[in-house]
Amino acid sequence: MSIRMDLKLATEDRHEAVDRAFSGFALATRSGYEAFLLAHAAALFPLEERLEALGIANWLTDWPERRRRDALAADLAQLGLSRPAPLAVPAIDIKGLAGAAYVLEGSRLGAKFLARHVLAAEDRSLHAATQYLTHHAELPLWPRFVDKLDQLPPDSVPDLRTAALQVFDVFADAAQRYRPAVIEPTLA
Ligand code: HEM
């Protein structure tokens, strides 16, 4: 089995959980989309910084093209939001680096799909705040990443799995913290 398939299977439950959690954010509404961007920023900023501190660009040489926090910062600014407090990031170590990157890079796949909801919003002011969700969608970043991932030695897999699960957990935590309040219907 390829390393990518291994990671996909090992994290399937976590993906389903974050997918479900973020599906509760109404992306075509201003409050729902703002909460979504804040949640992603609280997770993505410290995670990208951690990966950079571990030297991600030495392994993934096109990393400067992949990092998305400037795009996300621009979206927040566009909506007049300040950068949220970063979430605590687990101690991902260098052996797990590519597993952590797998989760961040894979999240682009869902992002393309989510961008369509925002771009269909009646509130057109949201359309200009989609740099993060559409980031380099024109480039084959995902297949290029998978090629690179699958060249790693098979004995690295346990550490990659651990780091991938840790990164999913940061996003799950973010979804939980920024989850929009459920508005109970008022009884007449
Ligand atoms: C509502 C939120 C989300 C939806 C609807 C969603 C949807 C999807 C879809 C449709 C794919 C497969 C695309 C394809 O095979 O072409 C995918 C892949 C993936 N997503 Fe998500 N996603 C969401 C959130 C996230 C988040 C928050 C993360 C992690 C931070 C994430 C990580 C991944 C990963 C790692 C893959 C690649 C799986 C593989 O190896 O094929 N997703 N997502």
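Some observations on this one:
- For the peptides 64-74, 78-88, 44-54, residues were scored by their other Cβ atoms within 10 Å and the scores averaged per peptide; the highest-first order is 44-54, 64-74, 78-88.
- Over the range 14-92, volume per residue of the alpha carbon convex hull, in Å³: 114 Å³
- Distance cut-off 24 Å, percentage of C-alpha pairs in the chain lying past it: 37 percent
- Between residue 91 and residue 57, full extension at 0.36 nm per residue minus the direct alpha carbon distance yields a gain of 10.4 nm.
- Here is the list for the range 104-188: GluC sites (Glu not before Pro) lying in DSSP coil, each with at most 14 other C-beta atoms within 10 angstrom of its C-beta, are 122, 138.
- Whole-number percent relative contact order across the chain, with pairs defined as alpha carbons under 8 Å at least 6 apart: 39 percent
- Part-to-part distance (alpha-carbon centres) for the range 31-91 and the range 114-188, which is given in Å: 11 Å
- Annotation: the residues 107, 125, sorted from fewest to most other C-beta atoms within 10 Å of their own C-beta, follow the order 125, 107.
- Stretching residue 79 away from residue 157 to a fully extended chain increases their span by 24.1 nm, per 0.36 nm per residue minus the current alpha-carbon distance.
- Excluding same-chain neighbours fewer than eight residues apart, the lysines reachable from residue 112 by a Cα-Cα span under 19 Å are 8.
- Computed extension gain for residue 137 through residue 125, at 0.36 nm per residue and net of the alpha carbon distance, reaches 2.2 nm.
- Estimated distance in nm for a label pair at residue 12 and residue 29, the labels positioned 7 Å out from Cα along Cα-to-Cβ: 3.4 nm
Bear in mind these aren't lab numbers, they're just calculated from the coordinates by the rules spelled out. For clarity, every value in this text was computed on a predicted model and none was experimentally measured. All Cβ positions, even for glycine, are placed from backbone atoms using ideal geometry, and neighbour counts span all protein chains on display.
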